[in-house]
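Structure record follows, encoded as structure tokens.
The values are calculated or read from the model by the stated rules, or taken from the named source; none is laboratory data. Keep in mind that what you see is a predicted model, and the values were worked out from it rather than measured. Methodologically, a virtual Cβ is constructed for each residue, glycine included, from the backbone with ideal geometry; neighbour enumeration extends over all protein chains shown.
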Amino acid sequence: MDQARGSRQDAQSLPGCYRHPDRETGISCTRCERPICPECMVNASVGFQCPDCARESGAGAAAARPRTVAGGAVAADPRLATKVLIGVNLALFLLQQVLGDRFSERFELLGQAYVPLLHSVEGIAQGQWYRLLTSMFLHGSYIHILFNMLSLWWIGGPLEAALGRVRYLALYFVSGLAGSALCYLIAAPNQPSLGASGAIYGLFGAMAVLMRRLNYDMRPMIALLVINLLFTFGPGMNIAWQAHLGGLVAGVAIGYAMVHAPRRHRALVQYGSCALALAVVVGVTLLRTFQLT
């Protein structure tokens, strides 16, 4: 039963968004006064409107277009970028199986070492900075890529829908590069590593921030993170924990900027945080290269 306007609501609960009833909100459309969550809020000359009223008001297509929680455009296929990322990872893994170790050793993360198959000293310290990026799309085994792609689908899809495609891709790539940079800085220079885990841990961190922002139950995400961290730091696990840690820290920082940025300067804060993280990646990479050369 609809609540009469002006009546007193339960002091211990908030109404649910009219499009997403499971999301409590204290914001209402300035025209129809229906409750709306951050994903459904559309900027109006005064306050916010729901997507339906924004379209009816004739305020213009750009203003009436629904936005995500982070201010991104709502896409027709909210998981398209995630599907493309999974497709690229699978395609390159197939290429690894066809071309063999020579292909992997040319593009995996490596600080500096002599590579017998390539008959030369290879690595980022030799000017091969592209390894910071290419290693994010290579995997060492079927189990490795299976777990990473399942995680990418489970976490990446909902996060892409919440952030918007451009912000999601910025988060993914910057987190992955941060993981690669920390691995380059801390790991032995002759220790190769590869995998999308740094980027995926960045998505984990950002998803935790988003769930906190929307007041969702954090226990499932915390349990998932703890399980993954146990695998990362468990004895006998041949895992590049540096990439996981670097990606997670970057994901939390960028995710916080994405969902908590003030509306007036939202794009500046969001993309500025990505630029700052990239600057740190470049600084760490230069520092390590100076140490090795």
Checklist entry - When residues of segment 121-131 are filtered for being assigned to a helix (DSSP H, G or I) and surrounded by fewer than 22 Cβ atoms within 10 Å (Cβ to Cβ), how many remain? => result 2
Next on the checklist: When you scan segment 75-93, do you find a residue that is on the phi > 0 side of the Ramachandran plot, at pLDDT below 80 and not charged (D, E, K, R), even just one?
Outcome noted: no
Checklist entry - loosely packed, with under 11 Cβ neighbours inside 10 Å and part of a helix (DSSP H, G or I), is that true of Val98? => result yes
Item to check | From Val174, Val226, residue being assigned by TED's automatic domain parsing to the domain that holds Ser273, β-branched (Val, Ile, Thr), in a helix (DSSP H, G or I) and more than 30 Å from Asp101 (Cβ to Cβ) | outcome: Val226
Checklist entry - Name the residues in segment 179-227 that are in contact (Cβ under 8 Å) with a residue 60 or more places away in the chain and either within 13 Å of the chain's Cα centre (by Cα) or more than 30 Å from Thr293 (Cα to Cα) (or both), would you? => result Gly179, Ala196, Gly198, Ala199, Leu210, Arg213, Leu214, Asn215
Item to check | Scan of segment 239-265 for residues that are within 10 Å of Cys183 (Cβ to Cβ) and in a helix (DSSP H, G or I), ordered by number | outcome: Trp241, Gln242, Ala243, His244, Leu245, Gly246, Gly247
Next on the checklist: Quick test of your reading of the structure: Leu118 fulfils all but one of (1) at pLDDT below 80; (2) outside any helix (DSSP H, G or I); (3) more than 21 Å from the chain's Cα centre (by Cα); (4) not β-branched (Val, Ile, Thr). Name the failing condition by number.
Outcome noted: (1)
Checklist entry - Would a scan of segment 192-202 turn up a residue that is in contact with a strand residue (DSSP E or B) (Cβ under 7 Å, 6 or more places away or on another chain), among the aliphatic types (A, V, I, L, M) and at pLDDT 90 or above? => result yes
